[in-house]
1. Neighbouring Cβ atoms within 10 Å as the yardstick, rank HIS108, HIS7 fewest first.
2. Cross-link list LYS246/LYS282; LYS44/LYS81; LYS237/LYS282: which exceed 29 angstrom alpha carbon to alpha carbon?
3. Return the Rg/Rh value of the chain, two decimal places, where both radii are evaluated on C-alpha atoms and Rh is the Kirkwood radius.
4. Order these by the 10 Å Cβ neighbour count, fewest first: THR214, THR320.
5. I'd like the per residue volume of the convex hull spanned by the Cα atoms of the range 1-41, given in cubic angstrom.
6. Under the rule of -39500 (n - 2.57) per DSSP H run of 4 or more residues, summed and divided by the residues of the chain, what mean residue ellipticity at 222 nm is obtained, to the nearest 500 deg cm²/dmol?
7. Quick check: Cα centre of the range 298-328 to Cα centre of the range 1-69, how many Å?
8. Which whole-number value in Å³ per residue fits the convex hull of the alpha carbons of the range 2-90?
Amino acid sequence: MDDKILHLKKEIEEKLSAISELSELEQIRVSYLGKKGSITALLKGMKDLAAEQKKAFGADVNRLKEFAAAQIEAKTAEMKKKQTESEIASMPVFDISTPVSGKMGSYHPITLVQRQCESIFRSMGFTVEDYAEVVTDYECFESVNIPKHHPARDMQDTYYLENGQLLKTQTSAAQNAILRKYGPELIRNGTPIKAIFPGRCFRNEATDACHENTFFQMEGMMVGKDISISNLIYFMKTMLSEVFRKEIKVRLRPGFFPFVEPGFELDISCLICGGEGCPSCKHSGWLELCPCGMIHPNVLREGGVDPDEYTGFAFGLGLTRLAMMKYGIKDIRDLNSGNLRSLCQFTDDE
Ligand code: DAH
């Protein structure tokens with residue numbers, strides 16, 4: 001092998017073993033393999049060689065070129081690995097025994113009430129369902145017996161997306177999906193549908209102490225053979241007595257909602273005066289809490305459940321309103337305010 005080639009090979013090995021910075025590698029690559037590099041110069045110089053020398057010399061230079069490229073590549077990988085290792089070694093260590101300073105966070109009052117309701121309903125055999133906030137017109141209105149141009153839509157103006165979808169105005173938007181999800185099991189085995197679905201709702205509202213454009217509801221449904229209003233009253237009474245930690249009396253008044261027939265407003269005996277009459281209940285002894293009713297045959301049919309075979313109840317509990325009642329919060333706007341002084345004072349009383 002030509003001396004020049006041997007010399008260059010040795011030189012490359014020495015230089016590579018001596019470097020300490022990743023950036024030096026690029027300089028070495030350029031100085032041997034770049035356009036003006038020493039190996040490139042050897043290849044260019046071949047044109048001056050005699051024909052019989054060219055072949056052997058050319059093969060040797062090419063081998064040197066491959067050797068240099070492979071060595072540089074291996075050295076690069078080795079140095080990158082070292083660099084990553086040293087970066088990791090110099091990272092601060094997370095010490096889980098370090099005491100946390102400052103106040104710990106707490107659950108939002110609506111979350112507290114929601115979790116409590118979920119656990120009460122779970123213990124009574126209900127499933128807890130999650131549902132989207134962006135829904136179609138069909139889910140929010142048509143599937144629950146509110147066709148286009150129905151006047152009930154006037155009270156539920158909302159925010160529309162360019163694709164025609166909307167921010168749901170009511171948790172009733174999930175009713176159809178729940179019927180479709182559990183209906184087949186009801187029809188096959190007679191297992192009643194028992195589900196609650198809490199969720200955030202949106203309406204185009206002028207806000208004041210009692211109205212917000214963003215609030216929480218918790219819808220519930222039970223569908224099966226011979227389900228009646230008595231079942232509805234039993235479940236609501238049990239749930240409310242647990243939430244308020246005392247026996248709660250309820251009463252039903254007629255109320256209109258297109259997805260129930262008959263429909264009701266469920267009132268509870270006033271928590272302040274115990275039903276005697278006081279300014280909080282406008283001296284009536286009752287507080288309006290939860291609209292409800294027997295599911296309209298059209299809604300059952302639309303969900304694939306035969307209304308001649310099965311009946312069911314539904315309710316749309318205002319979770320925001322329930323949290324306000326339970327914790328004595330006077331202004332609904334506090335709940336979305338992000339004001340920690342006011343929101344961190346509530347705790348789980350379970
Ligand atoms: N979705 C109704 C609303 O937001 C509330 C409601 C009323 C839900 C009656 C129900 C029901 O399930 O049966 O105004």
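A short reminder: the numbers here are calculations on the coordinates, not readings from a lab. Just so you know, these numbers come straight off a predicted model, no measurement behind them. Ideal geometry is used to build each Cβ from the backbone, glycine not excepted, and the neighbour counts take in all protein chains shown.
1. Values: HIS108 16, HIS7 11.
Going from sparsest to densest Cβ surroundings: HIS7, HIS108.
2. Check vs 29 Å cut-off fails for LYS44/LYS81.
3. A ratio of 1.40.
4. On the way: THR214 17, THR320 24.
In order of increasing Cβ crowding within 10 Å: THR214, THR320.
5. Values: hull volume 2.0 nm³, N = 41.
Expressed per residue, the convex hull around the Cα atoms of the range 1-41 is 50 Å³.
6. -13000 deg cm²/dmol
7. 81
8. Convex hull volume per residue, Cα atoms: 73 Å³.
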